Amino acid sequence: MNWLTNYVRPRIRALVERNKVEVPENLWNQCPACERMIFHRDLEANQRVCPHCNHHMRVGPGYRFRSLFGEDGYEPLAMPKAPVDPLKFRDLKRYTDRLKEAQTRTKAQDALEAAAGMLGEMPVVCAVMNFAFMGGSMGAAVGEGFVSAAREAIRRRAAFVAFTASGGARMQEGAVSLMQMARTTVAVQELREAGLPYIVVLTDPTTGGVTASFAMLGDIHIAEPGAVIGFAGTRVIEQTIREKLPEGFQRAEYLLEHGMVDMVVHRFELRNVLERVIGILLRSRVEYAEPESDPAPELAEEPAEPVTELREAADD
Amino acid sequence: MSVLLDFEKPIAELEGKVKELRLLMDGSDLDLAEEVQRLEARAAKLLSQTYAKLTPWQKTQVARHPDRPHFGDYVAALIADFTPLAGDRSFGEDTALMGGIGRFRGRSVMVLGHEKGRETEDRVRHNFGMARPEGYRKAVRLMRLAERFGLPVLSFIDTPGAHPGVRAEERGQAEAIARSIETCLDLRVPIIATVIGEGGSGGAIALATADRVLMLEHAIYSVISPEGCAAILWRNAEKAAEAAGALKLTAQDLLDLGLIDEIVPEPLGGAHRAGATTTARVGEAIARHLRELEERDGGELRAARRRKYLAMGSENAA
């Protein structure tokens with residue numbers, strides 16, 4: 001058996017591994033869900049949704065802004081400065097070092113970015129959390145960013161759309177991060193009092209203190225298919241409670257079934273749904289096209305065609 | 001003392017010796033008074049020294065001490081005519097989060113708080129103070145009730161955190177907490193929160209977003225338990241003591257960070273040694289703040305509360 005284990009097996013392994021190396025990482029992506037390979041151009045063309053299994057891959061703020069407003073259709077909002085490292089926190093690494101690493105890797109200041117643009121005829125301010133930045137965790141900077149973006153929406157009389165993706169509060173900021181739950185909630189109340197729609201798009205994953213504050217306080221909750229959304233992490237639940245987790249637990253579809261979100265929307269449809277929803281909420285009356293060609297009152301009340309300007313906007 | 005913390009053992013040994021000597025003295029003519037006095041003085045000194053410089057991890061243990069006064073003890077000591085109210089009117093009743101109406105020094109109030117329970121059976125019944133969505137929804141209902149009748153809300157925080165479980169998730173644990181925070185921020189009546197033991201993360205802030213947040217001297221208030229933090233950041237739950245220090249979860253830390261308003265001193269050796277003194281001191285502090293808050297208009301109270309939380313973690317305020 002020595003010959004088999006010492007000679008044959010390594011050679012077979014070498015052959016197999018050589019095949020693996022032949023896949024250049026920059027051209028092919030592996031779907032984390034079905035593990036099949038996807039050519040990068042196909043993946044981009046498919047809005048980073050796996051063409052095989054429909055898995056919605058995580059995307060960052062820049063990607064969201066571009067797909068919502070078009071390549072040059074948005075104005076990034078400057079994020080205000082927030083206190084850095086209020087606790088002087090250190091675990092195996094300094095928090096300031098972790099922050100710098102994340103900033104270098106993501107080229108972002110922190111885990112939330114915001115931009116303003118138009119969705120059809122409607123002004124929209126959009127805040128997007130970046131899971132790649134320390135797990136999208138919420139510290140003072142994310143809280144500050146959320147509050148200032150919401151206030152910018154109020155200033156512009158714009159709808160406010162928040163894309164959430166977060167592991168929860170940022171431990172390294174201790175109770176300061178906990179207070180961001182209350183702080184962001186105040187911003188939601190201000191939006192509400194200003195009479196502006198606040199739409200939450202829950203993306204994979206949204207958990208912990210973010211779910212338990214502004215992410216669950218939207219006027220309308222939209223979730224991306226398959227997104228994990230919940231309060232406690234699955235590991236915590238399994239360990240502390242020793243309960244068996246049901247299939248699809250904490251997935252977007254599960255939340256829909258349990259009444260926590262209004263709809264699960266495929267990424268291909270997201271922009272149109274947002275535009276339609278915000279349009280209905282912000283513009284309480286629109287003139288439908290060709291009203292005099294068919295004067296029948298029952299048809300006038302239930303028009304099949306949406307207004308022209310909205311249709312045009314949706315086509316770009 | 002039924003439960004002895006590790007660092008209390010030397011104190012307990014001295015106290016034990018004093019007791020023995022006293023017994024000896026009772027049954028004989030031996031004059032040990034001087035020795036007893038000397039040992040008592042030593043025990044008292046050791047106790048005050050130990051409690052004057054508790055580490056954050058030791059404070060965590062004190063904050064979780066089962067003999068500390070619980071919600072029920074505060075209600076018994078401070079609230080007359082207490083009338084518990086139950087249920088969220090949509091799913092069920094949750095005894096991890098208790099509430100009811102009563103009178104605090106003659107003033108009608110709404111009282112809310114986590115109850116951990118004391119004996120094993122009792123602890124299970126109260127789910128160790130870990131509330132489920134129906135608990136937070138009951139809190140929202142009771143806060144709204146309080147607002148309609150102009151009752152100030154007094155909340156007592158003592159929870160390891162919100163219950164992490166399948167059913168709780170199913171019924172929207174996150175949403176329930178978010179609504180509770182939102183309701184706290186919306187009230188036009190005074191709300192005073194007191195962290196009496198453990199202020200565990202979202203489950204705590206759900207009731208602790210208040211005009212005044214008081215904390216007992218050895219209570220803790222944290223975004224995550226030291227054990228949980230150690231398991232994630234140190235990849236080793238045994239580093240909890242280190243994590244407790246890094247998290248800045250003591251009352252003194254939170255006051256320095258400007259996140260709470262006042263520390264209520266505990267009797268020497270911690271609240272678990274003198275429950276009645278502790279509840280009385282908390283009552284005094286609440287009364288003082290309530291007098292001040294009651295003077296103010298509801299809208300103004302609410303606006304000030306929002307300003308207070310908007311400033312937390314803002315560059316301008318820090």
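The values are calculated or read from the model by the stated rules, or taken from the named source; none is laboratory data. Owing to the predicted nature of the structure, the values given are computational and were not obtained by experimental measurement. Neighbour counts run over all protein chains shown; Cβ positions are idealised from the backbone, glycine included.
Just a few scattered comments:
- Among the conditions (1) more than 8 Å from chain B (Cβ to nearest Cβ); (2) touching an Asp or Glu at 6+ places or on another chain (Cβ under 6 Å), the only one that A:Gly168 does not satisfy is (2).
- First in the stretch A:221-235 and without any contact (Cβ under 8 Å) to a residue 12 or more places away in the chain, second anywhere and assigned to a strand (DSSP E or B), Cβ under 9 Å, 6 or more apart: none
- Complete set of residues in the stretch B:60-95 that are touching a residue at least 60 places away in the same chain (Cβ under 8 Å) and not aliphatic (A, V, I, L, M): B:Thr60, B:Arg64, B:His65, B:Pro66, B:Asp67, B:Arg68, B:Pro69, B:His70, B:Phe71, B:Asp73, B:Tyr74, B:Phe91
- Test: residue in the stretch B:282-304 that is in contact with a helix residue (DSSP H, G or I) (Cβ under 7 Å, 6 or more places away or on another chain) and within 16 Å of B:His218 (Cα to Cα): yes
- Filtered by the rule that a residue be touching a residue at least 24 places away in the same chain (Cβ under 8 Å) and on the phi > 0 side of the Ramachandran plot, the stretch A:76-116 gives a lone residue, A:Asp85.
- The residues of the stretch A:264-276 that are loosely packed, with under 15 Cβ neighbours inside 10 Å, farther than 12 Å from A:Gly226 by Cα and either touching a strand residue (DSSP E or B) at 6+ places or on another chain (Cβ under 8 Å) or at pLDDT below 95 (or both) amount to a single one, A:Phe268.
- Residue in the stretch B:138-149 that is exposed (fewer than 14 other Cβ atoms within 10 Å of the Cβ) and in contact (Cβ under 8 Å) with a residue 40 or more places away in the chain present: yes
- Taken over the stretch A:101-140, the criterion of being assigned to a helix (DSSP H, G or I) and over 28 Å from A:Val277 (Cα atoms) is satisfied by A:Glu101, A:Ala102, A:Gln103, A:Thr104, A:Arg105, A:Thr106, A:Met134, A:Gly135, A:Ala140.
- Test: residue in the stretch A:195-203 that is part of a strand (DSSP E or B), of a type in the set (S, T, N, Q) and more than 9 Å from chain B (Cβ to nearest Cβ): yes
Here's the yes/no breakdown for (1) over 19 Å from the mean Cα position of the chain (by Cα); (2) of a type outside the set (Asp, Glu); (3) over 20 Å from A:Ser213 (Cα atoms):
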residue: B:Ala139; (1), (2), (3): no, yes, no
residue: B:Glu147; (1), (2), (3): yes, no, yes
residue: B:Pro160; (1), (2), (3): no, yes, no
residue: B:Glu169; (1), (2), (3): yes, no, no
residue: B:Ala174; (1), (2), (3): yes, yes, no
residue: B:Ile177; (1), (2), (3): no, yes, no
residue: B:Ser180; (1), (2), (3): no, yes, no
residue: B:Ile205; (1), (2), (3): no, yes, no
residue: B:Ala208; (1), (2), (3): no, yes, no
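- Among the residues making up the stretch A:228-253, a single one is more than 8 Å from chain B (Cβ to nearest Cβ), in a helix (DSSP H, G or I) and touching an Asp or Glu at 6+ places or on another chain (Cβ under 9 Å): A:Ala252.
- Selection status of A:Arg155, out of contact with any Ser or Thr (no Cβ under 8 Å at 6 or more places or on another chain), away from chain B (no Cβ under 14 Å) and free of Cβ contacts under 8 Å to residues at least 12 places away in the same chain: yes
- Residue in the stretch A:257-270 that is at the interface with chain B (Cβ under 9 Å from one of its Cβ atoms) and touching a helix residue (DSSP H, G or I) at 6+ places or on another chain (Cβ under 8 Å) present: yes
- Filter result (more than 10 Å from chain A (Cβ to nearest Cβ) and hydrophobic (A, V, I, L, M, F, W, C)) within the stretch B:136-180: B:Ala139, B:Val140, B:Leu142, B:Met143, B:Leu145, B:Ala146, B:Phe149, B:Leu151, B:Val153, B:Leu154, B:Phe156, B:Ile157
- Enumerated strands (runs of 3 or more DSSP E) restricted to the stretch B:200-318, each holding at least 1 residues that are in contact (Cβ under 8 Å) with a residue 24 or more places away in the chain and of a type in the set (Gly, Ala, Ser): B:220-222
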